[in-house]
Amino acid sequence: MIISADDRERSSGVVDLLRKAGIDVIVRRLPCCDYIINNEIFIERKTDKDIIVSIFDRRLFRQSRVMK
């Protein structure tokens, strides 16, 4: 399994946890999401506050369309 992580996700701690679990992680700027698994599954990680703001400003829906 190879996971690409957006470079802005480094401070979240998720990249470090994945690497400690033995998963290959490539950190780079991703165009539309926070993580890509095996170039097939796109993941947008959101905090509880960010998901609410994303719904109200409609950013969540735009991001979903791009990832689709």
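Extension gain, MET67 to MET1: 0.36 nm times the residue separation minus the Cα-Cα distance gives 21.8 nm.
Over the Cα atoms of the chain, what is the Rg over Rh ratio if Rh follows Kirkwood?
0.99
Ordered by solvent-accessible area of protein heavy atoms (1.4 Å probe), largest first, the residues GLU40, GLU9 come out as GLU40, GLU9.
Using the 1.4 Å probe convention, the accessible area of the chain works out to 73 Å² per residue with neighbouring protein chains retained.
Electrostatic bookkeeping for PHE56 treats Lys and Arg as +1 and Asp and Glu as -1; over the other residues with beta carbon under 15 Å from its beta carbon, the sum is +2. Carbon and sulfur atoms: what percent of the 1.4 Å accessible area of the chain do they account for? Accessible surface attributable to carbon and sulfur in the chain totals 56 percent. The simple Förster model, with R0 at 22 Å and r as the Cβ-Cβ distance, assigns CYS32 and ASP57 a FRET efficiency of 0.85. Restricting segment 2-58 to trypsin sites (Lys or Arg not before Pro) that sit in a DSSP loop and have at most 10 other Cβ atoms within 10 Å of their own Cβ leaves ARG29, ARG58. Within the same chain, aspartates and glutamates fewer than 8 places from LYS46 are excluded, and of the rest, those with a Cα less than 18 Å from its Cα are ASP6, ASP7, GLU9, ASP16, ASP34, ASP57.
Remark: the chain carries a charge dipole of roughly 220 debye about the Cα centre, counting +1 on each Lys and Arg Cβ and -1 on each Asp and Glu Cβ. Given a 1.4 Å probe and the protein chains as shown, ILE55 ends up with an accessible area of around 80 Å².
The values are calculated or read from the model by the stated rules, or taken from the named source; none is laboratory data. Only a predicted model underlies this, so the values are computations on that prediction, with no experimental measurement involved. Here Cβ is always computed from backbone atoms with ideal geometry, including for glycine, and neighbour counts include all displayed protein chains. With ligands, DNA and RNA removed, areas are computed over all heavy atoms of the protein, side chains included. Shrake-Rupley method; radii C 1.70, N 1.55, O 1.52, S 1.80 Å.
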